[in-house]
Every structure is written in structure tokens, then in C-alpha cells.
Amino acid sequence: MAFKKSAVPFSGTAEQEERLRAVIAEHKDDPGALMPILQKAQEIYGYLPIEVQTMIADAMEIPLEKVYGVVTFYAQFSINPKGQYKISVCLGTACYVKGSGDIFNKLQEKLGIGSGEITPDGKFSLDACRCIGACGLAPVLTVNEDVYGRLTVDDVDKILEKYN
Amino acid sequence: MDKIRNLDELNAIKSKAAEVVNVRVEGKDNGVKDVLVCGGTGCTSSGSMKIIEKLEEEIKLQGLEGKVNIIKTGCFGLCALGPIMIVYPEGTFYSKTELAHIPEIVESHLKNGIPVKKYLYAETVDGDTIKSLNDTSFYAHQHRVALRNCGLISPEHIEEYIARDGYQALNKVLTSMSQDDVIDVLLKSGLRGRGGAGFPTGRKWQFAKASQNEQKYVCCNADEGDPGAFMDRSVLEGDPHSVIEAMAIAGYAIGANQGYIYVRAEYPIAVERLEIAIKQAEEAGMLGDNIFGTGFSFRLGLRLGAGAFVCGEETALMTSIEGNRGEPRCRPPFPAVKGLFAKPTILNNVETYANVCQIILKGPEWFASMGTEKSKGTKVFALGGKIHNTGLVEVPMGTTLRTVIEDIGGGIPNGKKFKAAQTGGPSGGCIPPQHLDIPIDYDNLISIGSMMGSGGLIVMDEDNCMVDIAKFFLEFTVDESCGKCTPCRIGTKRMYEILTKITEGKATMEDLDKLEKLCYYIKDNALCGLGQTAPNPVLSTLRYFRDEYVAHVKDKRCPAGVCKSLLAYKIDPALCKGCSLCAKKCPVGAISGEIKSPFKIDTNKCIKCGVCASNCKFGAISKS
């Protein structure tokens, strides 16, 4: 997981904040509410920048360290924004033994970014993921909702072209 | 749906729904065709939702509305052949279905009753006859208990589950069995935890029942983090009610009225089906207050994981449900005494729960009749890697790996040689060819240095480097170690560093000894299961493939040709025609030569990308 602070500034809207406050009000008193609230917050904002974490900490009356601790523990929470096209390469075992590591390297090289990062124009972000369960199609990568399977390194260029 | 208040009402729904489901179960022809399309993750990824849309469109177009039902099911198991579609009552099996096939299939098969043979799974077509799916080698060796409804019913309709004896077990338990009776049945059945460790389920329930407390919890571990394993996901996607019903039974047995299912957020389809199933069960009165009018109440909540492998460990999972960093804690106290929110808790895996209702209905003797002496029942495996039939299989315990890999899995593609099967994921080990005939059960797998694990079974061929595989798993563990205890946090990192040295050809034989010592140290001292089992991939490969390690260390050679630092690309002058294609393709200009005479690779410049070899038309470039 990358913790490098993103260069893209936070630009939350009042409407997003209102939705977040409603979520917090609804779940605040549930046992173990922090995780579901963070998951909803990430749905609303797309990621969890420090500004959003602060809002949650204040509204739940818990220390910001606790919120930050949970956010950075789980791979699914991102403190960086995601690209317009989220590329995710499966590095689960079934995909790995069929060469997904090479595909991931090729993408890093092509996009000039590492795992968990975003291209400066905000177009692509790249992540490695652990098994999306489409092992029958290994090796697999996803771009937003699209799934590409039975890949070779040579397919990478063609796939990127589609989104350019 | 109205609330079901007693057995009579349940049976009334059952007999009504059975008419619909029996078209599939018994092949009853009542003039309606059921088209089952797999809506599991594998087939959805290869486009099965679009197939459904096209089917609906085409059925309207050809005026077959009301004569054909389209049912989106869970996984059929043969993921390699997706998208999969089965037409009942005949039970014909269409594989790798494409949108372009649909109009012909609808017209010929659904309208005129003639199956389109060319689109059927080749193994089911034998001249003029079409074989049943159960006669194909993939299915013939299987025995489906946990997966009995997967790919047969619509997981989004509680009535179809009820038609398959759904909620009968819960009724039986609540109306005619004591808490101890239920626990007794489970103990007698010999059911052991399917999450990997194999602890007897009945004993777990017994401990939790014995703990005195007003509030207890029942949890389900659906945080299937083992990369390459998707058994639990398929059960949740294909038959979510079987887990819900079993959890309610567990609640009754231990005296809990609240349950939680902790499921991976990476499984959106499973989450959606669970949400639907829980809502339907609440509406039908199978969850909530006063179930079947017996005064027993049970509620179920869904909690999503957020991508942390360690949360599959029971104490870490509970810490995560409580809303914290998912770090494990020391045991004892065990969860049965002090678990979720510090209350007595049982945690079982999805597949374990999927067996419970059948055991209650058919009796412990039936269940215990399958399997080996100490491992009863069946086990679901997710077959993946270098194998023809990737997918999901359920076999009786005691089946040999050879049967699973060669008969069911169809062997290794491209005529390659089998090298190892990996079970147990990052906690397990690699099983070499000489152990292929060992019957699979918990104890046998441990004795050969692997473990059952949750059921991921990845097949590797001669092109896979075992040192690289060990390194892959260690990289995983380093990444997923929560950092709470030193042996795991620092120890796995050191192991990873030594493995990297080996794959780069920089290691000495002392490093190999150090690596082995470190393995045992971490095994003995780590806090939780993740750390204690993290060295297994290294230990098992050292045990069976030590010569490969030695080749890396002493000869600076990777026998499988995987480890890049140890590779050298060479042009065979006898085969090279001097076409210059490789020189043009080389990204770093490492290849030079005169046209029509053999070219040469400058090994100092070469970055070993392999572009030259994959482009050479004469097979003149090889790696060694």
C-alpha cells in the first residue's frame, strides 16, 4: 500500500459532506461503526483524504489517530484519489503462476507509476489486488468494471489504447 | 412473502416451489424450459450478464415468453468454460457461450427442441447422443454436499431454497431437539472446520454453550483471503440461505440471538446476494423474533472486510468487526469464552455452515459414512493454475490428488509435466509428484508438510520455479503481516530478503541454513496463525525441491528459467538466419550483427525482457 500523499488537492462538495454527516448520524451508535462509516465515506468521496478522516473523527468523537490507524491498516481504503480509469491487476496465486507479475510490471513501466498511485493527469490509477475470483480466466486485470482475462504481456498496450 | 409460522406453512411453500425446481432436479417435462445461466464471478467476468440480456431479447423476439424461464444461478464449477448455460429439462450444457450463439440456440433448442450440438460442451456430445453432465469426467468423481444447490437454484429466491428442503433443519431443531441434541449430532458427524485448521465444529459449539453469559454471538468467516481460493464465495453466491439457516441453528445451539457474517468487500456479487437473502429470510420469519412460533429469536448482520488477509484469523476478524485495526490477540481466552465484544462467540467458515443443515436432516451417520477415519464428509477445492478444468470441485475426503488433478481437472495443458500442487495458500505447502496418490485429508496433508487450508489448489508445471513461488508467498505475508508481533513483522521480511538474494544468485549456502533456522523460529514464536504458518511455503519447497534452491545458490542457475537475474538469452548461430528482427525489437539495443549472418546478444546490455525470443520466427533464441 502506498502512503505517498497525493498531489491532487481535496475538492469535496457541501453535498458530499451532507451525505457523510447523514451516514455518521445513522450509524454512530452501532457497535463497531467505524468500518462501515469509512466504507460509506469512500463510496461518497472515492477516497479518504485527511480532511474526510478529520470530519469522521470529530463527528464520532474519537481521536483522528484511531481513524487514521484503521484507514491505513486495510488495503481497500485509499488515502489517494483513484484515476478516471482504475486498473487493478490480480496478483493472486492462480494469476501469478500464469504470469500476472510480468503484466503488472509492464503496466508500472508504461504508466510510470507504482502500485497505489495515480498518473499526474488523473487518468489512470494502478493497484495490485488479491484474487478477484476469476481464476478460470487467469491472468486477469480489471479497468473499472471491465474484466480482461487470459492475458499476455503483449495485450497491455491494446488495453491501454482503448482508454486513451 | 408472508411470515412462515409453522411446518405446515413451510411445506405448503415447498410443494408449490418444488414443481418449478423439479424441472431441473428430476428432469420433469411440463412444457416449460428452464435456462440456467451462471451468475458466479467467473462467468460474470466473461460476460454472462450480457448473455442473459440477449436471451431475454431473443425470447421476446421469437415469441417464447412464458415458455422459457431464465434463471441466474451461482457457480456450476467449470469456470474455465464460462460463460456456462444449462437448459432443462434435458440438462444440456452449453459452454463458452457467445452472444452470437444465442439466436440459433433460442430458435433451434428452446423453440424447436433440437439442441445445438456445436455449442455444447464437447465432452457431453458423443456422436448422436448427448451425455448428461454428471457423466463427464469433471462431474462424475464429485459428490456435492456443500455445493448441492449451487448452479441448480436461483439464489435470489427463497422459495427455490425451500423447495430443496430449505429451513426444514431449522424447524426440526427448534421444534424437536434440545441444544445438547444439536451439538451431539454435530459431534457424532465428525464435521471439522473447513476454514483450514480442522477443529471439530461440535466441540467449538459445546465450549460456547458452556460459557455462561446473557449475550453470545455467532459469526461466519467469509473473509476468504487465500489468493486463488473461491469456494466460500461460490457458496454465498449460489446458495446463501444454507449459511443463514445454519447460523440460526448455531445460535439456537449455543444460546445466541445475534450473528454476523464477515465477508470480503472484494466479492460484490456475494455481498449483494447475502443482502437479498437476509432480507427475504427476515420477511419469511426465518430470521427475527419468535421463529416458527417457538420463542427463539435470531438476527443477522453483514460486515464487510476491507482487504486485510489477517482478518481471516479468528481473533483479528472479531477485532475488525468491532471497528478496529484487524490485529489478532492472544489466546486464551478463546473466543468461545471471550470473543466478539468480549462475549462468548463461535466463528465458523462458510463451507462448514453449508454442511450443517444436511447433517441435521440426514443424520450424523450419513455424513460420517463419507471420508476417511478422522476427516469426514466432503471438501470443496478451487482448482487453478496450470490445469485444464479450472473451477470448483467437491470430492469426498480421502480422494487422491491424482484423481482431482488428472481425472477431474483434466491434467496439465500443453503437454507439460506436473511439478507440484499448492494447497493451503500462504499457510500451506507444495505437494510434489511422489505424493499424488496420498488420500486428501487434514492429517495426511499436514504429515507431508502442507495443510488443507480453505481449499485453494493451485497446480504448477515444470515452468514454475519453486524458489520464486516461495518468494511470492513470502512477499504476500510481508505485505499482509499486521505488524503486531516481532517474529512475523521482522522475521518474514528477513526471509523475503534471503529469498530475493537466492533468486538473484547472490546467496551462499550459509544463507540457506539461516533461512531454514528462521523458519522454525517464526513458526514457534509468532502470535497468530498467519505468522506461525508463514514459513510453510519455504519449508515445504526446501523439503521437496532443495535441489532447485541449491542450483540457484551454487550454480547460479534457475532450472525453470524464471528468475530473471540468473537467465541469459542466447542466439543459436546454427538456427539464426540473420533476419535482424530481434535487433529491431530489442528495447535496449543489445543485439547486433550483419544481415544474413548469425546475430549476437550483448549480455551486459540485455535486460532479459524476452522480446527477442518471442519474436524470433526460427526458434533460434533460447534462455538458459
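The values are calculated or read from the model by the stated rules, or taken from the named source; none is laboratory data. Note that the structure is predicted; figures quoted are calculated from it, not measured. Glycine also receives a Cβ, built like all others from the backbone with ideal geometry; neighbour counts cover every protein chain displayed.
Out of the residues in region A:79-99 that are assigned to a loop (DSSP other than H, G, I, E, B) and facing chain B (nearest Cβ under 10 Å), state the one that is surrounded by the most Cβ atoms within 10 Å (Cβ to Cβ).
If we take residues in region A:79-99 being assigned to a loop (DSSP other than H, G, I, E, B) and facing chain B (nearest Cβ under 10 Å), then A:Gly92 is surrounded by the most Cβ atoms within 10 Å (Cβ to Cβ).
Just name the residue that is surrounded by the fewest Cβ atoms within 10 Å (Cβ to Cβ) out of those in region B:361-392 that are among the aliphatic types (A, V, I, L, M) and more than 30 Å from B:Asn171 (Cα to Cα).
Checked region B:361-392; the qualifying residue surrounded by the fewest Cβ atoms within 10 Å (Cβ to Cβ) is B:Ile387.
Considering (1) within 12 Å of chain A (Cβ to nearest Cβ); (2) outside any loop (DSSP other than H, G, I, E, B); (3) surrounded by fewer than 21 Cβ atoms within 10 Å (Cβ to Cβ); (4) in contact with a Lys or Arg (Cβ under 9 Å, 6 or more places away or on another chain), say which one B:Glu475 fails and leave the rest.
Every condition holds for B:Glu475 apart from (4).
Residues of region B:223-240 being modelled with pLDDT of 90 or more and at the interface with chain A (Cβ under 8 Å from one of its Cβ atoms), which ones?
B:Arg233
Among the numbered criteria (1) surrounded by 18 or more Cβ atoms within 10 Å (Cβ to Cβ); (2) within 26 Å of the chain's Cα centre (by Cα), which single criterion is violated by B:Tyr119?
The one condition B:Tyr119 does not meet is (2).
Mind listing whichever residues of region B:259-285 are hydrophobic (A, V, I, L, M, F, W, C), without any contact (Cβ under 8 Å) to a residue 40 or more places away in the chain and within 12 Å of chain A (Cβ to nearest Cβ)?
B:Val271
Which of the numbered conditions does A:Ile62 fail, given that it passes all the others? Conditions: (1) more than 25 Å from B:Glu266 (Cβ to Cβ); (2) in contact with a helix residue (DSSP H, G or I) (Cβ under 9 Å, 6 or more places away or on another chain); (3) not in a loop (DSSP other than H, G, I, E, B).
Here A:Ile62 clears every test but (3).
Can we say B:Ile59 is assigned by TED's automatic domain parsing to the domain that holds B:Ile102, closer than 23 Å to B:Arg233 by Cα and either in contact with a Gly (Cβ under 8 Å, 6 or more places away or on another chain) or free of Cβ contacts under 8 Å to residues at least 60 places away in the same chain (or both)?
No, not satisfied.
Among the residues of region A:15-24, are any charged (D, E, K, R), over 26 Å from B:Ser481 (Cβ atoms) and surrounded by 14 or more Cβ atoms within 10 Å (Cβ to Cβ)?
Within region A:15-24 (the criterion being charged (D, E, K, R), over 26 Å from B:Ser481 (Cβ atoms) and surrounded by 14 or more Cβ atoms within 10 Å (Cβ to Cβ)), the answer is yes, since at least one residue qualifies.
Among the candidates B:Glu497, B:Glu548, B:Glu480, single out the residue that is surrounded by 19 or more Cβ atoms within 10 Å (Cβ to Cβ), charged (D, E, K, R) and at pLDDT 95 or above.
Checking each option against the conditions leaves just B:Glu548.
Looking at B:Leu99, B:Leu120, B:Leu110, B:Leu78 in this structure, which one is over 25 Å from B:Ser234 (Cβ atoms) and either in contact (Cβ under 8 Å) with a residue 12 or more places away in the chain or aromatic (Phe, Trp, Tyr) (or both)?
When all the criteria are applied, what remains is B:Leu110.
Go through region B:187-257 and tell me which helices (runs of 4 or more DSSP H), entirely inside it, have 1 or more residues that are within 15 Å of the chain's Cα centre (by Cα).
Hits in region B:187-257: B:231-238.
Tell me which of these B:Cys563 doesn't satisfy, since it passes every other one: (1) loosely packed, with under 14 Cβ neighbours inside 10 Å; (2) touching a residue at least 24 places away in the same chain (Cβ under 8 Å).
(1)
Looking only at region B:535-560, count how many residues are in contact (Cβ under 8 Å) with a residue 40 or more places away in the chain and of a type in the set (Gly, Ala, Ser).
The number of residues fulfilling the criteria is 2.
Of all residues in region A:100-114, which are in a loop (DSSP other than H, G, I, E, B) and surrounded by fewer than 16 Cβ atoms within 10 Å (Cβ to Cβ)?
A:Gly112, A:Gly114 - these are the residues of region A:100-114 that are in a loop (DSSP other than H, G, I, E, B) and surrounded by fewer than 16 Cβ atoms within 10 Å (Cβ to Cβ).
If I filter region B:77-87 down to residues being within 14 Å of another protein chain (Cβ to nearest Cβ) and on the phi < 0 side of the Ramachandran plot, which single residue comes out as surrounded by the most Cβ atoms within 10 Å (Cβ to Cβ)?
Once the filter is applied, the top-ranked residue is B:Cys79.
Say we look at region B:319-349 and pick out the residues that are of a type in the set (A, V, I, L, M) and closer than 29 Å to B:Ala284 by Cα; which of these is nearest to the other protein chains (Cβ to nearest Cβ)?
The qualifying residue nearest to the other protein chains (Cβ to nearest Cβ) is B:Ile321.
The rows are residues; the columns are (1) in a helix (DSSP H, G or I); (2) more than 14 Å from chain A (Cβ to nearest Cβ); (3) touching a helix residue (DSSP H, G or I) at 6+ places or on another chain (Cβ under 8 Å); (4) under 21 Å from B:Gln142 (Cα atoms).
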| site | (1), (2), (3), (4) |
| --- | --- |
| B:Ile51 | yes, yes, yes, no |
| B:Lys60 | yes, yes, no, no |
| B:Gly63 | no, yes, no, no |
| B:Ile70 | no, yes, yes, no |
| B:Cys75 | no, no, yes, yes |
| B:Glu90 | no, yes, no, yes |
| B:His101 | yes, yes, yes, no |
| B:Leu110 | yes, yes, yes, no |
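Among the residues of region B:530-573 satisfying the criterion of being at negative phi and basic (Lys, Arg), which is nearest to the chain's Cα centre (by Cα)?
My answer is B:Arg543.
Can we say B:Gly339 is in the same structural domain as B:Leu186 (by TED's automatic domain parsing), surrounded by 20 or more Cβ atoms within 10 Å (Cβ to Cβ) and without any contact (Cβ under 8 Å) to a residue 24 or more places away in the chain?
So B:Gly339 fails the test.
Going through region B:277-326 one residue at a time, which ones are touching a Pro at 6+ places or on another chain (Cβ under 8 Å) and hydroxyl-bearing (Ser, Thr, Tyr)?
B:Thr315, B:Thr319
State yes or no: is A:Tyr68 part of a helix (DSSP H, G or I) and among the aromatic types (Phe, Trp, Tyr)?
Yes.
I'd like the full set of residues that are more than 19 Å from A:Gln76 (Cα to Cα), more than 7 Å from every other protein chain (Cβ to nearest Cβ) and assigned to a loop (DSSP other than H, G, I, E, B), limited to region A:129-159.
A:Pro139, A:Arg150, A:Leu151, A:Thr152, A:Val153, A:Asp154
Among the residues of region B:478-506, how many are among the acidic types (Asp, Glu) and more than 13 Å from chain A (Cβ to nearest Cβ)?
2
Go through region B:6-46 and give me each residue that's in contact with a helix residue (DSSP H, G or I) (Cβ under 8 Å, 6 or more places away or on another chain), part of a loop (DSSP other than H, G, I, E, B) and either surrounded by 15 or more Cβ atoms within 10 Å (Cβ to Cβ) or modelled with pLDDT under 95 (or both).
Result: B:Lys28, B:Asp29, B:Asn30, B:Val32, B:Gly39, B:Gly40, B:Ser46.
Give me the residue from region A:25-42 that is surrounded by fewer than 15 Cβ atoms within 10 Å (Cβ to Cβ) and within 11 Å of chain B (Cβ to nearest Cβ) and, out of that set, farthest from B:Gly326 (Cα to Cα).
A:Asp30
In the list B:Ile522, B:Ile571, which residue meets the criterion of being touching a helix residue (DSSP H, G or I) at 6+ places or on another chain (Cβ under 8 Å), more than 29 Å from B:Arg325 (Cβ to Cβ), without any contact (Cβ under 8 Å) to a residue 60 or more places away in the chain and β-branched (Val, Ile, Thr)?
B:Ile571
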